Every structure is written in C-alpha cells, then in structure tokens.
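Data block below; observations after.
Please treat every number below as a calculation from the coordinates, not as lab data. Computed from a prediction, not measured in an experiment: that's the story for all the values here. Cβ: placed from backbone, ideal geometry, glycine included. Neighbour counts: every protein chain shown.
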C-alpha cells in the first residue's frame, strides 16, 4: 500500500483501497486500474492522493509470475489442476527466500514448464 | 581431498568399515569398466562379455530398445547396441542397472521409498544430460550416469546405517533436506558416503567426484563441467516435483554454477521442458527398480 499524490500517480496503477465519498459510498473499488479520466474526476472532486498497490520490481518473482500468467490463456490459468500444481510448487519452495532471485527464477520457470505440459495434454493451449 | 578434514575422512572410513555386507557389484561390471578404458577393446569383446550375463544383457537390450533412445528398429544384440550407442553409454547402463540391482533387495526403513529414490535418480540423470547437451556436450555421458548415481550414498545410509531412521525423521520434523539432517546426525552428508562406496567399487574418478560434490559443488574446482550439470539437474528435478527421497525442502543452487552456465529465465524454462519430455520417455529406466 502506498499513498501517492494524484499529481504524480501513474495511469494504470491499481488501487489498493476503495475510494469512497463523504457518505462512505464506494466510488471506485479496490483493484481497479486508474485511468486518465478517473484521475481527472478525482482531482475535480477534491481528492489529493490515492492508495496505490506497489508495483513489483520488474525483476522480482512476483513480476515474473504476472508476466508468465499474462502469457497464458485464462482457460489454463484457472484450470483446477493448474491451481493445485501452483500450490504444490509453492509448498516445495517453502524454504526459499523471496530475495533469492535465482531460486525464484527456477521456481517460476519450472512451474511454467509444468503448466505448459498440462495445457498441452488437456488441449487448453 | 578438497575441503575435508582428516577427522572427517577418518569418520567416513569408520562408518564404512562398520557397515557389514556392503553390496558388491557383479564381476562382469568391473571387467566392463576395465575393458572400456582399454583402447584396444572392440565392441565384439564387450558384447561377448555382457552376453555371458543373461540378466544384464536383457536389461541393456530393454533399455536400448526403449522410447528413451528412440531407435527406429529393434536392436537384438548387445554388440549392435554397443556399435550404435558407443562403449561409454553401454558401460554406464550396465553400471547403473547393477547398482540398482545391488540395493533393490536390501532392508530399508519404512521412511525410505526405494522407487521414489530411483525415480529421482533417473530424472536427475536425464536432466543432467539435457544440461550437458546445451552447455558441455563432451560431458553428456558422464553427466547422465553421474546423475543416475549421485544419491547412491543415501541408499547406503538407508540400507546399512542404524542412524537412518533418525535422519529421515529429523529431515521431516525440521522440513529440511536429507543432506542437512545427515550432517547433523552423522557429521557428513550422503555425498561423502556415496563417494566412499563408489571408491570401494573401483568406480573411475569421473564418477566418484560428482557423487561426492553434487551436494556442495563449492567445495571443489575440479570437473566443474560435469558437476554443474548434475547439480543443476538435481535442483530442476526437485523443482519439477520429482523430489529426492528424504528431502522436505528444496536444495539451493550454487551461485558459482549459475554464473558458470550463465543461466536465465529462458534457459531454465527450456531445460525444464526438455527434462519433462525426456522423463516421459524413460519408463524403461524406472522399471529397473521394480
């Protein structure tokens, strides 16, 4: 979570918390990306800053996973066997620090190879 | 020996000496190893030697005719197999088949799954060969057999040492690797035990060295090519789910190996994909343990 001024926020950033009006009504849900129009509307309404989900470092395991997920069809991403596989891989790597970038690369790429294999076998991709 | 104290060496010797009934390999295997290093040996000589051992012959022919080697026509003689595959490959197959046979029947604690041990070993052999194909083609054969045999120390511990159950229990309780648990209980890891056994069996140094150092490659600067292939193969196979028997955590990659091979996302993904394909075709190797 990070509070960022609307003057400095990057278009496309994801809201970490919902934006509510003075009566507590949700105007924009958490998880929504900020468009140019939304930034302009919020500024007009007097908002000064917003709570933005921090961007993963481009070299982090999280960024790698997002990138890999973005390359897959949704039919693959949400297949139940694939979800179980991701859990199993994550469990195997329980002793590996997030900061160990080399092992995290191995984790994400091994996971990707396994998912591709499932997808091929099921004709999902 | 690099990075090994005199005290540790004495400890290994005592452990090995206290193990009665260390299995012996069939004499045919020792003779094959000797003959393949003699430049005057020809395929017919080795073929004749192996053919006198029907059990070994049938294992070799079953493996040679398997999907893993993918020959279009059935190979019906050991001599033909040697001509097609080469001395080294057939020697390595004979060696590996004999090691599995030597330990198949020995008593082991219930925590030790022999089939899982061999499944992991075959997968590491395949992965190490895949790595070698890309990074060190001259090491392909040594990487394959080194991968198959890299964990042989584990089965010695499981079969012959009274501390075996404690090691498996400690690894499970602490959610750690068998190596770490063995170091805590025995004062050494399985690589050192396996190396000593392979010396007892008169294996060539090119096999003994990786068996000793796969767990800790940073302990040596020798034979880095073969060692890197097997070390990386071991980690990729564990990441892909074919975990080593007694491991409840991932082994960690040696950064020297990562830098030596200049690994990145793309290369890791390719190595994993090719290992999965190779393993899919390796059923005949797995059947050696049945």
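Listed from fewest to most Cβ neighbours within 10 Å, the set B:229, B:272 follows the order B:272, B:229. The mean number of Cβ atoms from other chains found within 10 Å of a Cβ in peptide A:85-92 is 2, as a whole number. Here the gap between residue A:10 and residue A:97, fully extended at 0.36 nm per residue and compared with their Cα-Cα distance, gives a gain of 28.3 nm.
A helix-only calculation puts chain B at -20500 deg cm²/dmol for mean residue ellipticity at 222 nm, using -39500 (n - 2.57) for each DSSP H run of at least four residues, averaged over all residues. Principal-axis analysis of the Cα atoms of chain A puts helix A:80-92 at an angle of about 80° to the longest axis. Rounded to the nearest 10 degrees, the inclination of helix A:61-70 to the longest alpha-carbon principal axis of chain A is 90 degrees. Panel order for A:39, A:48, by other beta carbons found within 10 Å of each beta carbon, from fewest to most: A:48, A:39. Counting neighbouring beta carbons within 10 Å and listing from fewest to most, the residues B:124, B:131 come out as B:131, B:124.
Inter-chain neighbour count for B:259-270: the average number of beta-carbon atoms from partner chains within 10 Å of each residue's beta-carbon is 3. Helix B:27-36 against the longest principal axis of chain B: what's the angle in degrees, Cα atoms only, rounded to the nearest 10? Compared with the principal axis, the helix lies near 70 degrees. For the pair residue A:83 and residue B:38, label points projected 7 Å from Cα toward Cβ lie 6.5 nm apart.
Between residue A:22 and residue B:169, the FRET efficiency estimated from the beta carbon spacing at R0 = 56 angstrom works out to 0.35.
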